[in-house]
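The values are calculated or read from the model by the stated rules, or taken from the named source; none is laboratory data. Predicted model, so just to flag it, every value in this text is computed and none were measured. Quick reminder, even Gly has a Cβ in these numbers, built from the backbone with ideal geometry, and neighbours come from all protein chains shown.
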Amino acid sequence: MDKEESKDKAKELALATIRGLISWIPGAGGLMSEWFGQVVASPIAKRRDEWVRSIEERVRAIEKDDPRFSAENLKNNKIFATAVLAATQVALRNHQEEKIAALRNGVINSVTSDIEEDKKLMFFNVIDLLTPTHLKILRFFDNPNAWLGKSETPLPKFLMAGHEALLEYALPEFRGQGEFYNQILKELHAHGLTSTPAIHNVVASAGFFHSITTLFGKEFLKFVEEK
């Protein structure tokens, strides 16, 4: 049996196991098992394969310049193995590329970052809880001035306003969405990523561009960014 045939057999066995388990659920007969295989199990298997392939491709691209990513070193790296397992559980529950990229970057940075191991594992849990919108708003408020410069958006002309006005100015898609993005801010604060749960307070223009991310939030952003 060649390598490809062996892989196919393993996939078939896994799917057969899932179908077997489903068949034990009261009311789930052969039709339900077949539906699950076609609608749920098959796409999940594809998602898993794409995830594993993306990690392998990143590692192979890096190992040429960084010996820490050689196969010999990685197989003895406990935090890398734990990070892969933690990230994989989250990746299989998600389809949004922004979150998949954050997870992939976290796996790579688990090897290179000097952040404490416990924090690294906490960060994978945080990624699981956040949406791409959380990540976008967190990145914006980490350095509003840099965001405006990168997007080539002119500096706002109002003299006094709240961070709310700055957010809606820089990111027009949030205009009139106050309830939505304020809930996002509350959740970012609850996870310890920002210093305030609200952005209503009016400040002078010089205060618009102050970062509101905590040290924990800055470490998190560094962990999920591609190096």
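Summary of computed values
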read-out	value
Enumeration of residues in region 112-139 that are surrounded by 14 or more Cβ atoms within 10 Å (Cβ to Cβ) and either over 16 Å from the mean Cα position of the chain (by Cα) or not in a helix (DSSP H, G or I) (or both)	Ser113, Ile115, Leu130, Thr131
Verdict on Asp65 being out of contact with any Lys or Arg (no Cβ under 6 Å at 6 or more places or on another chain), closer than 27 Å to Leu215 by Cα and assigned to a loop (DSSP other than H, G, I, E, B)	no
Region 114-151, residues that are aromatic (Phe, Trp, Tyr) and in contact (Cβ under 8 Å) with a residue 60 or more places away in the chain	Phe123, Phe141
Residue among Asn109, Asn105, Asn145 that is within 22 Å of Leu215 (Cα to Cα), assigned by TED's automatic domain parsing to the domain that holds Ile212 and part of a helix (DSSP H, G or I)	Asn145
Test result for Glu56, exposed (fewer than 12 other Cβ atoms within 10 Å of the Cβ) and in a helix (DSSP H, G or I)	yes
Qualifying positions in region 202-227 - small (Gly, Ala, Ser), modelled with pLDDT under 95 and closer than 21 Å to Ile115 by Cβ	Ser211
Extreme residue, modelled with the lowest pLDDT, among residues of region 156-201 that are surrounded by 14 or more Cβ atoms within 10 Å (Cβ to Cβ) and over 26 Å from the mean Cα position of the chain (by Cα)	Ala161
Of the criteria (1) in contact (Cβ under 8 Å) with a residue 24 or more places away in the chain; (2) over 30 Å from Ile137 (Cβ atoms), which one Gly106 fails	(2)
